Amino acid sequence: EAEERAAKQIAEYQERMAQSEQLIAGLNQSWAEKEREGRELEAQRRELMREMGLFMSDEYDEDVRLPQLVNLNEDSQKDGRVIYPLREGEVNVGRPDYAVPMQIKLMGLNIEHHHAVITHRDGQVRLRPVGKSRIWVNGRLLPPDAVARVRHQDRVLFGNNHLFRVNFPHRAKVTGRSAA
């Protein structure tokens, strides 16, 4: 009888152990699946950001000599994290729902459908508001359809909330100022 009870206990323990192993395997599989889904969502997020014309500072691998618009934010964890590289030619700035594709897509108060044109030619960057768009450069409101040359470390405010610093990375090395 004692042997029979011991055999039953051993069988129960083995069954519990098998159930525990199955549970652990299920949890590990769920964790791996969640990890895979997380990687897929991150890839989708980064692709969407690229479609909007922006890059995160931890993935910015463009030619570092290109002028850039780098976001400014009072939250130090968000400051300098969004980078818009300014390639040669014209870059349109505006809302993503406009009929003409915008290379830099912004939304918010006082952002017009087609808000601005940024021109990068021969190492110079010029900024032109479209129509009555509100653009401030270093605290000065640009008149409608005026063209303003922006320089390294200038501050640009689009609408009410989108504040950027203009960076010319190759000039940052000369002046000793940070490029990002």
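Quick note: the coordinates plus some simple rules give every number you see, no bench work behind them. Worth saying up front: this structure is predicted, and the values here are computed from it rather than measured. Cβ atoms come from the backbone with ideal geometry, glycine included; neighbour counts cover every protein chain shown.
The helix-only estimate of mean residue ellipticity at 222 nm for the chain, built from DSSP H runs of length n ≥ 4 each weighted as -39500 (n - 2.57), is -11500 deg cm²/dmol after division by the residue total. Springs join every pair of Cα atoms under 10 Å in this Gaussian network model of the chain, and among Ala11, Ala146, Ala25 the largest mean-square fluctuation is at Ala11.
Provide the percentage of antiparallel DSSP beta bridges, counting only those with both residues in the chain; round to the nearest 5.
95 percent
Taken about its Cα centre, the chain carries a charge dipole of roughly 1760 debye when the Cβ of each Lys and Arg holds +1 and the Cβ of each Asp and Glu holds -1. Number of Lys-Lys pairs in the chain with C-alpha atoms under 28 Å apart and a separation of 8 or more places or on different chains: 4. Couplings for region 157-170, taken from phi via the Karplus curve 6.51 cos²θ - 1.76 cosθ + 1.60 with θ = phi - 60°, read 10, 9, x, 9, 10, 9, 9, 9, 10, 7, 10, 10, x, 5 Hz in order; Gly and Pro are left as x. Ordered by the number of other Cβ atoms lying within 10 Å of each residue's own Cβ, fewest first, Met107, Met102 fall into the sequence Met107, Met102.
Convex hull of alpha carbon positions in the chain: directionally averaged projected area 16.5 nm².
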